[in-house]
Amino acid sequence: MTRYVALLRGINVGGIRIAMADLRRVFTDLGFGDVKTVLATGNVLFDADTADTAALKSTIESALRSEFGYEAWVIVLDVGTVRRIVEAYPFDPDRDGRHPYVLFTTDPGVAAGLLAGQPDLDPEIERVQGGENVVYWEVERGRTLDSPFGKSTGKPKLKAFTTTRNLRTLVKLLA
């Protein structure tokens with residue numbers, strides 16, 4: 001049995017409202033064990049007896065689409081991978097006045113494309129660095145949505161391939 005994290009994109013932040021009890025029920029109905037949600041932003045911990053994360057992703061997305069009637073996008077990672085990603089965060093996660101984020105992607109080309117703009121970023125506002133199918137991002141508080149990198153991550157064409165989490169949320173998932 002392997003412990004996994006499912007990171008759902010776009011729920012309870014932009015019109016798609018899903019109660020965490022309903023979300024847990026869907027995962028339990030799929031046969032997953034020890035299902036827990038963390039915060040109300042689409043973070044689910046669960047146990048499964050497969051190592052096929054692509055199959056888990058497909059199964060979960062299909063169930064969410066069927067149950068809640070929205071275009072579901074999910075990133076599924078084992079807890080060990082999430083732990084390595086958190087431990088590799090390259091910036092000071094406690095830097096005053098900054099938000100520490102991790103952008104997850106299912107497409108390495110998307111990460112490369114996002115990182116291509118790195119030389120043009122103002123380090124006084126934000127910094128980025130690539131990682132294990134992630135982009136680490138530190139941004140000045142209050143600038144998440146209007147910073148150049150923040151704007152580039154919000155493009156509709158990226159919805160199916162990315163989701164972003166605050167590093168502190170990821171730490172809670174590992175607790």
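Points worth noting:
- Test for Ala54: is it within 17 Å of the chain's Cα centre (by Cα) and of a type in the set (Gly, Ala, Ser): yes
- Members of the range 1-46 that are surrounded by 22 or more Cβ atoms within 10 Å (Cβ to Cβ) and small (Gly, Ala, Ser): Ala6, Gly42
- Lone qualifier among Thr105, Thr50 - being β-branched (Val, Ile, Thr) and touching a strand residue (DSSP E or B) at 6+ places or on another chain (Cβ under 7 Å): Thr105
- Count of the range 20-52 residues, restricted to those that are in a helix (DSSP H, G or I), touching a helix residue (DSSP H, G or I) at 6+ places or on another chain (Cβ under 9 Å) and not acidic (Asp, Glu), is 4.
- Residue that is farthest from Gly33 (Cα to Cα), among those in the range 69-105 that are over 16 Å from the mean Cα position of the chain (by Cα) and aromatic (Phe, Trp, Tyr): Phe91
- For Ala175: the one exception among (1) of a type in the set (Gly, Ala, Ser); (2) within 18 Å of Ile85 (Cα to Cα); (3) surrounded by 13 or more Cβ atoms within 10 Å (Cβ to Cβ): (3)
- Enumerated strands (runs of 3 or more DSSP E) restricted to the range 55-165, each holding at least 3 residues that are touching a residue at least 24 places away in the same chain (Cβ under 8 Å) and among the aliphatic types (A, V, I, L, M): 74-78, 134-140
- Residues located in the range 17-52, provided they are over 17 Å from Arg65 (Cα atoms), among the acidic types (Asp, Glu) and in contact (Cβ under 8 Å) with a residue 12 or more places away in the chain: Asp34, Asp47, Asp49
- Leading residue by the ranking (surrounded by the fewest Cβ atoms within 10 Å (Cβ to Cβ)) among those in the range 132-160 that are at pLDDT 95 or above and under 13 Å from the mean Cα position of the chain (by Cα): Tyr136
The values are calculated or read from the model by the stated rules, or taken from the named source; none is laboratory data. In this text the structure is predicted, and so the values were computed from the model without any measurement. For neighbour counting, all protein chains shown are included, and Cβ atoms are generated from backbone atoms with ideal geometry for every residue, glycine included.
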